[in-house]
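Q: Just passing along the structure, written as structure tokens.
The values are calculated or read from the model by the stated rules, or taken from the named source; none is laboratory data. Not measured: the values here are computed from a predicted model. Cβ placement follows ideal geometry from the backbone for every residue including glycine, while neighbour counts extend to all protein chains displayed. Calculation scope for accessible area: heavy atoms of the full protein, side chains included, ligands and nucleic acids excluded. Shrake-Rupley method; radii C 1.70, N 1.55, O 1.52, S 1.80 Å.
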Amino acid sequence: VCHTVLAEYPDDMEGDLSVVKYQAASPDEAALVSGAKNMGYGFLKGTPVLYQVKNNLTGEVEKWDILAVIEFTSTRKRMSIVCRSPEGKILLLCKGADNIIMERLKKDGANLSPL
């Protein structure tokens, strides 16, 4: 859910992931969302405060509350989003240039918990 992609559907076909077209600010962002769809997590639609993702493994539509977005910039070389997962967890998700992300990870991994 760390993206700014728009989902576009033909008339009267909203929610049909077989016909969705993703509009993205960058080819990388479109590729990430398309890849997630191919792996079973299809981005259905989003607003500035709510994203809906279909989990094809369970058939459920998950609702992710978007609490804050820090857009990608050429200075930061990353995008961050604060969201509430369907389970109610508050998460900070980040994506960006490998070297920028890696230098911010804790070296020993102590006190990190799995999602």
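Q: Springs between alpha-carbon pairs under 10 angstrom, Gaussian network model over the chain: which of 12, 28, 98 fluctuates most?
A: 12
Q: For the chain, what is the accessible area per residue in Å², given a 1.4 Å probe and the full set of protein chains?
A: Counting only protein heavy atoms, the per-residue value for the chain is 68 Å².
Q: Still on this structure, I have one more. Step through the table entries 21/45; 21/89; 21/95; 21/54, compare each Cα-Cα distance with 20 Å, and write down the pairs that go over it.
A: 21/89; 21/95
Q: While we're looking at this one, here's another question. Beyond 26 Å, what percent of the Cα pairs of the chain remain?
A: Across the chain, Cα pairs with separations above 26 Å total 23 percent.
Q: Given the options 90, 101, 66, which has the most mean-square fluctuation in a GNM of the chain, springs set between C-alpha atoms less than 10 angstrom apart?
A: 101
Q: Can I ask one more? About the Cα centre of the chain, what is the dipole size in debye to 20, counting +1 per Lys and Arg Cβ and -1 per Asp and Glu Cβ, all else neutral?
A: 560 debye
Q: Leaving ligands, DNA and RNA out of it, rank 45, 21, 95 by accessible area with a 1.4 Å probe, largest first.
A: Largest accessible area first, the residues go 21, 45, 95.
Q: Out of 80, 34, 26, any idea which swings most in a Gaussian network model of the chain, alpha carbons joined below 10 Å?
A: Maximum among the listed residues: 26.
Q: Which GluC sites (Glu not before Pro) from the stretch 48-78 combine a DSSP loop assignment with at most 11 other Cβ atoms within 10 Å?
A: 71
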